[in-house]
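The values are calculated or read from the model by the stated rules, or taken from the named source; none is laboratory data. Note that the structure is a prediction, hence the values are computed from the model and not measured. So basically every Cβ, Gly included, is an ideal-geometry build from the backbone, and we count neighbours across all protein chains shown.
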Amino acid sequence: MDIEIECRKCRKLVTKNSILREHVRPRFLDPKNPGGWVSVCKECSQLEAEHQYLEYKTFAISKNKEPYKNFLESIYELNAMINIRLPDKKLSLTMARILYATAITAMETYLSDTFINRVVNNGDHLRRCVETDLEFRNRKLELTDIFKRKETLKEEVQEYLAGVLFHNLAKVRLMYRTVLSIEFPADMTPLFKAVKTRHDIVHRGGKDKSGAITSIDQDKVKSLIITLKAFVKAIEEQLSNTAAGSSFESTQDL
């Protein structure tokens, strides 16, 4: 008969094979458990790991006060690395694939950090995000929880947005339009293709669905960098114009 052990978090009884030992930092040291070990089920362990990851991600995003500057610095580094001469062609192509994927990540970081920081630090943007995003439309709210929910609304939105895949350009395009009134280029085909290529590089070992090796060289990386710089610059210019317009309106109201 399998021995059942209580999960310290959810209090369910599960078999010994479904229990993990986790180390925690107790608020008060327990003489009976000086090492701080607790027994938790695999499901609770996974949920806690996901929560801690989102906490770290939201913290990192909040510290990126200059996403455009950081994007340009990343692009500068990529441009420098793409010109490094390697011993043979195979290594050069491998490096090109890595830099290609990293360039998309730089764009994703810019889109993520720019959007999230503007939403959580602006009441109008925060409200628009909650009112227009289907995720929040489908979340339930008991009337008795309304005040508590309002107090933690910013954190709830921030945690949700930290989990959004900002290389999903179709979704992100709609978010930028409805919340920030920012328009992406009419023709997004090159960027959509670039994101798909990045997916093959990162998640399929550089191969497409047919098993063919994704062909990326230095010229394609340089071309991608030019496209990304133009894309991000266009967004940044709209954000600057919007901010200037808002300041003017505020001054007029005074």
Exercise for review: Can you run down the residue pairs with Cβ atoms below 7 Å, 6 or more apart or on separate chains, where the first is in the stretch 190-209 and assigned by TED's automatic domain parsing to the domain that holds I226 and the partner is surrounded by fewer than 18 Cβ atoms within 10 Å (Cβ to Cβ) and not in a helix (DSSP H, G or I)?
Suggested key: D200/K207; D200/D208; G206/I213; K207/I213
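Given the structure, is S240 surrounded by fewer than 18 Cβ atoms within 10 Å (Cβ to Cβ), part of a loop (DSSP other than H, G, I, E, B) and out of contact with any Leu (no Cβ under 7 Å at 6 or more places or on another chain)? Spell out the reasoning first.
Working: surrounded by fewer than 18 Cβ atoms within 10 Å (Cβ to Cβ): yes; part of a loop (DSSP other than H, G, I, E, B): no; out of contact with any Leu (no Cβ under 7 Å at 6 or more places or on another chain): yes.
The answer is no for S240.
Please count how many residues of the stretch 103-117 are under 16 Å from H203 (Cβ atoms) and either in contact with a helix residue (DSSP H, G or I) (Cβ under 6 Å, 6 or more places away or on another chain) or among the aliphatic types (A, V, I, L, M) (or both). Before the answer, list the steps.
Quick first cut of the stretch 103-117, residues under 16 Å from H203 (Cβ atoms) only: 104-105, 108.
Now restrict to residues that are either in contact with a helix residue (DSSP H, G or I) (Cβ under 6 Å, 6 or more places away or on another chain) or among the aliphatic types (A, V, I, L, M) (or both): 104.
So the count comes out to 1.
Pick from L161, L143, L174, L169: which is free of Cβ contacts under 8 Å to residues at least 60 places away in the same chain, under 18 Å from A106 (Cβ atoms) and assigned by TED's automatic domain parsing to the domain that holds I82? Spell out the reasoning first.
Numbers: L161 fails: under 18 Å from A106 (Cβ atoms); L143 fails: under 18 Å from A106 (Cβ atoms); L174 fails: under 18 Å from A106 (Cβ atoms).
Matching residue, one of L161, L143, L174, L169: L169.
Being at pLDDT 90 or above and in contact with a Lys or Arg (Cβ under 6 Å, 6 or more places away or on another chain) narrows it down to one of V195, V179, V172, so name that one. Walk me through how you get there before you give the answer.
Numbers: V195 fails: in contact with a Lys or Arg (Cβ under 6 Å, 6 or more places away or on another chain); V172 fails: in contact with a Lys or Arg (Cβ under 6 Å, 6 or more places away or on another chain).
Checking each option against the conditions leaves just V179.
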Practice item. Name the residue, out of N79, N83, that is farther than 18 Å from V157 by Cβ, at pLDDT below 90 and assigned by TED's automatic domain parsing to the domain that holds N121. Key: N83
Practice item. Select the helices (runs of 4 or more DSSP H) contained entirely in the stretch 145-209, then report the ones holding at least 1 residues which are farther than 21 Å from S112 by Cα. Key: 146-151, 189-203
Check your understanding: Do any residues in the stretch 99-115 that are in contact (Cβ under 8 Å) with a residue 12 or more places away in the chain have Cβ atoms under 7 Å from those of residues that are among the charged types (D, E, K, R) and part of a helix (DSSP H, G or I), where the two are at least six apart or on different chains, and which pairs are they?
Key -> Y100/R198; Y100/K220; A101/R198; I104/R198
